[in-house]
1. Leu271's amide H: which non-local residues (gap 5+, or another chain) put their own amide H closer than 5 Å, with H modeled 1.01 Å from N in plane and none for Pro or chain starts?
2. Expected output is a single nm value to one decimal: the length gained when fully extending between Glu79 and Asp217, i.e. 0.36 nm times separation in residues minus the C-alpha distance. What is it?
3. Do the sum for the chain: with -39,500 (n - 2.57) for every DSSP H run of n ≥ 4, divided by all residues, what is the mean residue ellipticity at 222 nm, to the nearest 500 deg cm²/dmol?
4. Across segment 296-308, in residue order, what do the Karplus-derived ³J(HN,Hα) couplings come to in whole Hz, using 6.51 cos²θ - 1.76 cosθ + 1.60 with θ = phi - 60° and x for Gly and Pro?
5. Leaving out same-chain residues fewer than 8 places away, which aspartates and glutamates sit with a Cα under 14 Å from that of Lys212?
6. Quick one: work out the % antiparallel among DSSP beta bridges in segment 237-325, nearest 5.
7. Return the aspartates and glutamates within reach of Lys138: Cα separation strictly under 20 angstrom, same-chain partners fewer than 8 residues apart disregarded; answer none if there are no such residues.
8. Through the Karplus equation 6.51 cos²θ - 1.76 cosθ + 1.60, θ set to phi - 60°, convert the phi angles of segment 136-145 into ³J(HN,Hα) values in whole Hz; use x for Gly and Pro.
Amino acid sequence: MDIKTKILQELKLNDGYTSGQQLSEACNVSRTAIWKVMNQLRDEGYDIQSVKNKGYRVAYTPDVLSRSEIASDMLVDYEIVYEEEVNSTNTYAKILAEQGCRDKTIVVAERQTQGKGRRGRSFDSPRGGGIWMTVILKPNISPNMASMLTIIAAMAVREGIENSTGLKCGIKWPNDIVCSGKKICGILTEMSSEMEYINYVIVGMGINVNIKEFSDDIKSVATSISLEMGEGSFKRSEMIAEVIGSFDKYYENFITQGNLSSVRKDYDRYLVNVGKQVSIEGNGEKYAAKAIGIADNGELIIERDGHPELVRSGEVSVRGIYGYV
């Protein structure tokens, strides 16, 4: 752990002042090194107060994304890679995975120039506007199980948003997080595998956090946490920590169970399509059906002409009869 991350952790653990000596001992560095880091933090926008014979305290933490700020909030052991700008965190994550990065690595970017969505769609990823991140995993599971990680990610994002902001969201099958009938987060899972072996899986998440307005072509179907909460700005590093903490919990349960049985009931509870008529499009056909819930493998259970059927993610698109949800 680098010195800046350790200092931020120590300061956040203490509501009052933390002495320079305490920080020096905790970080195993000189008082001069502590002083230099404090000045770096002030330059980054932190309001660091210092009082003689009392020490330092953080009076204000800005909405800053940096490796140290994100790591200081994390409660689980994930490697963090932060970049100011990338074309896509998924594309960048693939490069890192091919180079042999460790399991459970997160790529976070302040801005994407070519954000990737499902079916090759692109989306805007403005600086300061959201959380653009990808989790790199190397699970010892069959390749046909990888698509279930999308469900795990949806559960984690929904829970992480609520834990960090109080905003209650739903899930549009399989993996869009929605609020007020509009999309607040999209998730894209990609995989590199052999016939019976996964090299790696990357799970990209794009969360609209502090975006204040959307272009005319998407404003009817897109929203942000800031717009829904009616507030100005949220600290994205804290939200990242909550999302990843939830993700790790659900992920480890999934690996142990080998399916989605541990989250199925909760997922159905948050599924906005449940009990509603939906429009199913794909495989050369379009038809209406009633959404029932998900199976243990993540497929959507529907009722069509009075008979239950299973719909597989990636093969079809599911929308509400009268709109996006």
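1. Result for Leu271 returns Ile171.
2. Numbers: separation 138, 0.36 × 138 = 49.68 nm, distance 3.69 nm.
The Glu79-Asp217 span can extend by a further 46.0 nm.
3. Details: 9 runs with 101 residues, N = 325.
That comes out to -9500 deg cm²/dmol.
4. 5, 9, x, 5, 7, 8, 10, 10, 10, 6, x, 10, x
5. Asp124, Glu228, Glu231
6. Values: 20 of 21 bridges.
Of those bridges, close to 95 percent are antiparallel.
7. Excluding near neighbours in sequence, the set is Asp77, Glu79, Glu98, Asp103, Glu190, Glu194, Glu196, Asp248, Glu252.
8. For segment 136-145, the Karplus-derived couplings read 9, 10, 10, x, 8, 9, 5, x, 6, 8 Hz, x marking Gly and Pro.
Any read-out appearing in this document is the output of simple, stated calculations on the displayed coordinates, not a laboratory observation. As the structure is a prediction and not an experimental result, all values here were calculated from the model. Note that each Cβ is placed from the backbone with ideal geometry, even for glycine, and that neighbours are counted across all protein chains shown.
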